[in-house]
Amino acid sequence: MAGHFLAQAGIKVLMLEAGPFFDPAKDSLQFKWPWESPRRGASTVRPFGDFDAAYGGWEIDGEPYTRKNNTEFDWFRSRMLGGKTNHWGRISLRMGPDDFRPKDGLTEDWPFTYDDIKPYYDKVDRLIGIYGTVEGIESEPDGIFMTPPKPRLPELFIKRSAAKVGVPVIPGRGSVITEPLAGNKDRQPCYYCGQCSRSCKTYGDFSASSCLVIPAIKTGNLEVITNAMVREILTDKNGQATGVSYINKDDLQEYQVSAKTVVLGASACESARILLNSKSASHPNGLANNSGVVGKYLHDSTGSSLSGFLPQLMDRKRFNEDGAGSIHIYSPWWLDNKKLDFPRGYHIEFGGGMRMPSYGFESGIHRLNGKVPGRDGKPKQAGGFGASLKDDYRRFYGTRVGMAGRGTAIARKENYCEIDPNVVDKFGIPVLRFHYTWSNEEVKQAKHMQETFQSIMHEMGAIVTSGPHGPENNYGLEAPGRIIHEVGTIRMGDDPKKSALNKWCQAHDCKNLFVVDAAPFVQQGDKNATWTILALSLRTAEYILEQRKKFNV
Amino acid sequence: MNRRESLKAIGLTAVSAGVLLEACKTDDKKTTAGAATTADESNAGREAFEVERNKKLKEERFFTDHEMLTITVLADIIIPKDEKSGSASDAKVPEFIEFIVKDIPSHQVPMRGGLRWLDTQCMNRYNNAFKDATAAQQLEMVNDIAWPEKVKPGMEQGVAFFNRMRDLTASGFFTSEMGVKDLGYAGNMPNKWEGVPEDVLKQYGLENV
């Protein structure tokens, strides 16, 4: 976003990308059929399936990371132009007033309020496009919305039953354009193939590649160097940033580029890694790290889920139910914490429908087909084979429902990434070592999620197929990192002793260094990080432009 | 499925299995010849290591002829031809299983071991490997391992193997062109989503939700 804004404003920008160039128009696997993959879409090579857009994953050959004291953290890296935005769920939620200025005193204030950031959320809405509905919920601020997609059939059952058990459900909010975007001729409105995770060839969804970087290249002001793995940021004897040192992955040679201003947007953990590896006489603790907070306060959203099927949907009529590739319905956090045994909250993402079959299709049917009577109304034995089994697959198709909670994890100093003193990657760059544990707050939240999901499933008459989730597995709470909302590793604040960046995401210790990914987050709400990253990045880019006019950076 | 239909399905399979392997070889040649000219287009968006990995896996061979024939018989017992679509082997499910066990090696030991378990059972019972047993014997054997909730003592390993075989067969069949058509999946094309059709809303009483 910062590169896009500055290039549009006439500033010469050089972008270093650790992976290859990716243009969804050419490189997306949209509209491929399952049989066009020899593994039928299985996630052997790409963690979210063979057609998913992300290059990279939890493990990358030659680029390890480690964990301290047997704690857990899984680090997803997408090495490609546009990174993780090429495959994400496009769920685009604003953080609310209390997220920036929490009233419970549990976590620290952001160095600005919702009202300060609101104009930037508005600009992002207009520039990129988002669907949703105006609801007037204070903790879930409205944006400038296009028409959202209507619910799919299983989602209507969810909506009706959730309401009955006191869980409000509203239309989803997704960065997919459902109408022409004013002033933009490069992007075609959504035609509902449901494949945003593959990235849209006609740019109907938001990917940073298609919507920001590629248009910025067209201005002639932005140049991208791909396969450039950044080793460190270079500084002069006064501690000012002078440029960047990187390894060209193609020829394995070291290169240096110089710049008046350095803007870091490598993703929260990678940006922290680069700063910690940028040690010099004037920055012995790593760059921008006089406070010692770089790498600390790492937090990822909590996640727990439940799936099942709706027997009343057996033998359902066929129609094209792909819909949009982002959520159609969701539940914003709806309860009062004063009555609960955990702080903050979570939202629920729902799904279901007649989706494109892929590897794992109706896997484990022997656990399902004995739970419902056959076509003749008589009880059936579980498992089986032959014509009757073949018919069961048809009968069960499209009956599945799923729900997943995404909640606030508290930012804690004790959860961090640091440089592993003993390990380097294949480029010789010291790697990250993670230390992360969940606390009771997160576990209790996951328990509450499961109770909520169970009550909705029960009300619908659904048969639950996942779990059971109990205290033995932290109520299905995913390991830290699995939700891929990791933030907070180069946090901002007014006090240079307690933060690395000021309120403009500018390093306290290095005035011509800025960070524009999720690392500056003080405390993430239950909302997905992307819309806030974009708003913050745009705000920082405007500030950089202003400061350049004043010759400050 | 009644007994007579099952027998019919197996009978068809026994004939087609040998033909299948021959057909498979011819197909390979075609694919190799075609790949040289279309490689660029079909590999767009793929990282180089992915293309290499797929090529390598396709060149390797995991299952023996004997195992492939056994898999073919089993797959067609699980998903036979019916009035709506063809059988598992018509949809090239055995070839898919050959690929997927190389792609996901955790399938290899349970599959190889499961096939051997099955043959041992059949040798003891019928003095023949599974594939060489009569159709009626094959069906009798499968009936002993196809119903997880009424499994007889000593048959548990067979049930675990058959569950895996059933899952892999379904994955292979319903992700094939034939299987997708059979299911009636109607998407993967540009369209206008305007919500659930009126008649369907009415069917479930969801008009006002």
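The values are calculated or read from the model by the stated rules, or taken from the named source; none is laboratory data. Just so you know, these numbers come straight off a predicted model, no measurement behind them. Neighbour counts are summed over all protein chains in view; Cβ atoms, including those assigned to glycine, are modelled from backbone coordinates with ideal geometry.
Assorted remarks:
- Answer residue from region A:3-44, given it is in a helix (DSSP H, G or I) and under 27 Å from A:Asp250 (Cα atoms) and is farthest from the other protein chains (Cβ to nearest Cβ) among those: A:Ala7
- Within region A:51-105, considering residues that are free of Cβ contacts under 8 Å to residues at least 40 places away in the same chain and under 22 Å from A:Val224 (Cα atoms), the one surrounded by the most Cβ atoms within 10 Å (Cβ to Cβ): A:Ala54
A quick yes/no check of all residues on (1) modelled with pLDDT of 95 or more; (2) more than 13 Å from chain B (Cβ to nearest Cβ); (3) under 26 Å from the mean Cα position of the chain (by Cα):
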{"position": "A:Arg152", "(1), (2), (3)": "yes, no, yes"}
{"position": "A:Arg160", "(1), (2), (3)": "yes, no, no"}
{"position": "A:Asn221", "(1), (2), (3)": "yes, yes, no"}
{"position": "A:Val244", "(1), (2), (3)": "yes, yes, no"}
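- Options B:Asp103, B:Asp82, B:Asp132, B:Asp65: the member that is under 20 Å from A:Ser388 (Cα atoms) and at pLDDT 95 or above: B:Asp82
- Residue match in region A:352-373 (condition: free of Cβ contacts under 8 Å to residues at least 40 places away in the same chain, part of a loop (DSSP other than H, G, I, E, B) and within 25 Å of the chain's Cα centre (by Cα)): no
- Yes/no for A:Gly398 being more than 30 Å from A:Asp99 (Cα to Cα), in contact with a Lys or Arg (Cβ under 7 Å, 6 or more places away or on another chain) and either in contact (Cβ under 8 Å) with a residue 24 or more places away in the chain or away from chain B (no Cβ under 14 Å) (or both): yes
- Of all residues in region A:304-325 being of a type in the set (Asp, Glu) and closer than 18 Å to A:Cys190 by Cβ, the one that is farthest from the other protein chains (Cβ to nearest Cβ): A:Glu321
Results for (1) more than 8 Å from chain A (Cβ to nearest Cβ); (2) of a type in the set (A, V, I, L, M, F, W, C); (3) closer than 14 Å to B:Ala88 by Cβ, shown as yes or no for each residue.
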residue	(1), (2), (3)
B:Met165	yes, yes, yes
B:Thr169	yes, no, yes
B:Glu177	no, no, yes
B:Lys181	yes, no, no
B:Gly184	no, no, no
B:Asn191	no, no, no
B:Gly195	no, no, no
B:Asp199	no, no, no
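- For B:Glu50, the conditions (1) facing chain A (nearest Cβ under 9 Å); (2) under 27 Å from B:Asn128 (Cα atoms); (3) at pLDDT 95 or above; (4) not in a loop (DSSP other than H, G, I, E, B) are fulfilled apart from (2).
- Qualifying residue in region B:105-115 (condition: more than 9 Å from chain A (Cβ to nearest Cβ), in contact with a His (Cβ under 7 Å, 6 or more places away or on another chain) and not charged (D, E, K, R)): no
- On the stretch given as region B:82-101, residues that are touching a residue at least 60 places away in the same chain (Cβ under 8 Å), out of contact with any helix residue (DSSP H, G or I) (no Cβ under 7 Å at 6 or more places or on another chain) and farther than 13 Å from A:Arg40 by Cβ total 0.
- Residues (of a type in the set (Val, Ile, Thr), in a helix (DSSP H, G or I) and more than 7 Å from chain A (Cβ to nearest Cβ)) located in region B:135-163: B:Ile145, B:Val159
- Taking residues in region B:130-148 that are among the small types (Gly, Ala, Ser), and partners anywhere that are at pLDDT 95 or above, the pairs with Cβ atoms closer than 6 Å and at least 6 places apart or on different chains are B:Ala133/B:Cys122; B:Ala133/B:Tyr126; B:Ala146/A:Gly383; B:Ala146/A:Gly384; B:Ala146/A:Phe385; B:Ala146/B:Phe162.
- Residues of region A:24-82 that are among the aromatic types (Phe, Trp, Tyr) and within 19 Å of the chain's Cα centre (by Cα): A:Phe48, A:Phe51, A:Tyr55, A:Trp58, A:Phe73, A:Trp75, A:Phe76.
- Note on region A:385-438: among residues that are over 30 Å from A:Trp334 (Cβ atoms) and among the aromatic types (Phe, Trp, Tyr), the one that is surrounded by the fewest Cβ atoms within 10 Å (Cβ to Cβ) is A:Phe427.
- Scanning region A:177-199 for residues that are buried (at least 21 other Cβ atoms within 10 Å of the Cβ) and away from chain B (no Cβ under 11 Å) turns up A:Ile177, A:Cys196, A:Ser197.
- Breaking point among (1) of a type in the set (D, E, K, R); (2) outside any helix (DSSP H, G or I); (3) within 7 Å of chain B (Cβ to nearest Cβ); (4) crowded, with 18+ Cβ neighbours inside 10 Å, for A:Glu349: (3)
- Residue among A:Ser291, A:Ser282 that alone is assigned to a loop (DSSP other than H, G, I, E, B), modelled with pLDDT under 95 and away from chain B (no Cβ under 14 Å): A:Ser282
- Qualifying residue in region A:320-340 (condition: among the acidic types (Asp, Glu), touching a residue at least 60 places away in the same chain (Cβ under 8 Å) and on the phi > 0 side of the Ramachandran plot): no
- Breaking point among (1) over 23 Å from the mean Cα position of the chain (by Cα); (2) within 26 Å of A:Gly166 (Cα to Cα); (3) among the small types (Gly, Ala, Ser), for A:Ala446: (1)
- Taken as a whole, the structure places B:Lys55 among residues that are outside any loop (DSSP other than H, G, I, E, B), within 11 Å of chain A (Cβ to nearest Cβ) and at pLDDT 65 or above.
- Any hit, region A:375-389, residues being within 10 Å of chain B (Cβ to nearest Cβ), in contact (Cβ under 8 Å) with a residue 24 or more places away in the chain and of a type in the set (Phe, Trp, Tyr): no
- Given (1) crowded, with 23+ Cβ neighbours inside 10 Å; (2) more than 11 Å from every other protein chain (Cβ to nearest Cβ); (3) within 21 Å of A:Arg406 (Cα to Cα), number of the condition A:Phe48 does not satisfy: (1)
- Number of positions in region A:401-447 that are in contact with a Cys (Cβ under 9 Å, 6 or more places away or on another chain) and aromatic (Phe, Trp, Tyr): 2
- Some residue of region A:195-216 being touching a helix residue (DSSP H, G or I) at 6+ places or on another chain (Cβ under 9 Å), of a type in the set (D, E, K, R) and assigned to a helix (DSSP H, G or I): yes
- Whenever a residue of region A:3-19 is within 18 Å of A:Gly56 (Cβ to Cβ), its partners that are of a type in the set (S, T, N, Q) and part of a loop (DSSP other than H, G, I, E, B), lying with C-beta atoms within less than 8 angstrom and at least six residues away or across chains, give the pairs A:Glu17/A:Thr226; A:Glu17/A:Asn227; A:Ala18/A:Asn227; A:Gly19/A:Thr226; A:Gly19/A:Asn227.
- The residue that is surrounded by the fewest Cβ atoms within 10 Å (Cβ to Cβ), among those in region A:439-476 that are modelled with pLDDT under 95 and of a type in the set (Ser, Thr, Tyr), is A:Ser466.
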